[in-house]
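Okay, structure first, notes after.
The values are calculated or read from the model by the stated rules, or taken from the named source; none is laboratory data. For clarity, every value in this text was computed on a predicted model and none was experimentally measured. Every residue, glycine among them, receives a Cβ derived from its backbone with ideal geometry; neighbour counts consider all protein chains shown. These area figures cover heavy atoms from the full protein model, side chains too; ligands, DNA and RNA do not enter into them. Shrake-Rupley method; radii C 1.70, N 1.55, O 1.52, S 1.80 Å.
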Amino acid sequence: MLPHGSMVIMLIYTVKSGDTLNNIARRFGLSPNRLIADNQLSNPSTLVVGQNLLIMSDSIRYILEEGQTLYSLSQEYGVPIEALIEANPDINPIRLQAGETVIIPINSDRTRRPAIVNGYAYPNINANSLNCALPFLTTLSPFSYSLTPSGELIAINDNDLIYRAFRSAVMPIMVVTNIFDGSFDTEALSEILANEESTARLIDSILFELDLKGYYGVNMDMEYISPNDRDTYNSFLRRLADRLHNRGYVLMTAVAPKTSADQQGILYEAHDYRAQGEIADYIIIMTYEWGYTYERF
C-alpha cells in the first residue's frame, strides 16, 4: 500500500461575492500570509468568485456570517449537528449571531481510507512550489517520458525530482505518454499497439527505467487514443500490469473524465473505466479537461 503522512485537516473553500483574503483568513482563524503560501497566490488582492482555496489547519475555528446556522455548517462541512453542539457547549444553537466563533470538529478516525495524493511536475518546476507541495503528496510524477515510433522511451531529466521525492518520503512515479514531437499522437500510438515487437519493446523499456531510476511504479498517460484501439489498449495494460506486479511495481492509468460509459469523443471512447479499474492499481481522472485555474484569469 502507498504510504501516507500524518492527519492534516484540509478543506476547500469556494470564494463568494464580497470575499477578501483577509476576511476568509479571519473566518478560519488563519493568517492571510498562510493562505497566500498554501495556495501559491501570486495576486491575492484579486480573488475571483468561484475560485477554490485550500484551507489547511490543525483545527477549524469558524467565524459565523449573517444568516448561518448550525444546520448550514453541518451541510457545508459534513459534520453532524450533534457533533457541532457537543464541540461548542457555550453557544446557543437556536440563537446564533454573526461574529460568533464555532469550533468545527473534524473526524480523525484513522480507520478511514487515507487520501492518496499525486502531483505532476515538470523537471523545471519552481523549487519553492515543489517544496510547498511535497509534504502533502503521496506520489510525485515527473512529466513525462515520451515515445519513439518503434516503442522506445525518450527519457527526461528526472533525477533531481526523484531525489527530492525520496527525501520527502514521497514515492516517485514514472509517467509515460504518447507524445510525439510535442503533442499527443493518435496514429503513432495505434501503430505501436498493433505491433507485437513494439509493445514488447515498450514494456521492457519501462521496466528497465523503473529499475534504473528507483521509481515506485508507472503512470500510463495515454490520451487521444483511437476508439478502435480500446480493446488493444486494455490488452496492453494487462500485459504491462502482469510484468509490473511480478517485479513489485504499481500501475496507474490516467483517464479522461467521462460522464457516461458510452460518451462519444476521441478523448473518451478508448478509456474503458471498468477494464482499467480491474487492471490498474490506481486511476487518475484528469478533471482539468473540464477546466483549470488559469482559465479564470
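Observations on the structure shown:
- Filtered residues of the stretch 30-62 (kept if open to solvent by less than 30 Å² (accessible area, probe 1.4 Å), outside any loop (DSSP other than H, G, I, E, B), aliphatic (A, V, I, L, M) and touching a residue at least 24 places away in the same chain (Cβ under 8 Å)): Leu53, Ile55, Met56, Ile60
- Pairs are defined by a Cβ separation below 9 Å, a sequence spacing of at least 6 or placement on different chains, a first member in the stretch 86-102 that is within 10 Å of Glu65 (Cα to Cα), and a second member that is part of a strand (DSSP E or B) and small (Gly, Ala, Ser); no pair meets this definition.
- Residue check for Asn219: of a type in the set (S, T, N, Q) and touching a residue at least 24 places away in the same chain (Cβ under 8 Å): yes
- Qualifying positions in the stretch 35-56 - of a type in the set (S, T, N, Q), under 20 Å from the mean Cα position of the chain (by Cα) and at pLDDT below 85: Gln40
- Among (1) aliphatic (A, V, I, L, M); (2) under 18 Å from Met220 (Cα atoms); (3) open to solvent by 30 Å² or more (accessible area, probe 1.4 Å); (4) not in a loop (DSSP other than H, G, I, E, B) - the single one Ile162 does not satisfy: (3)
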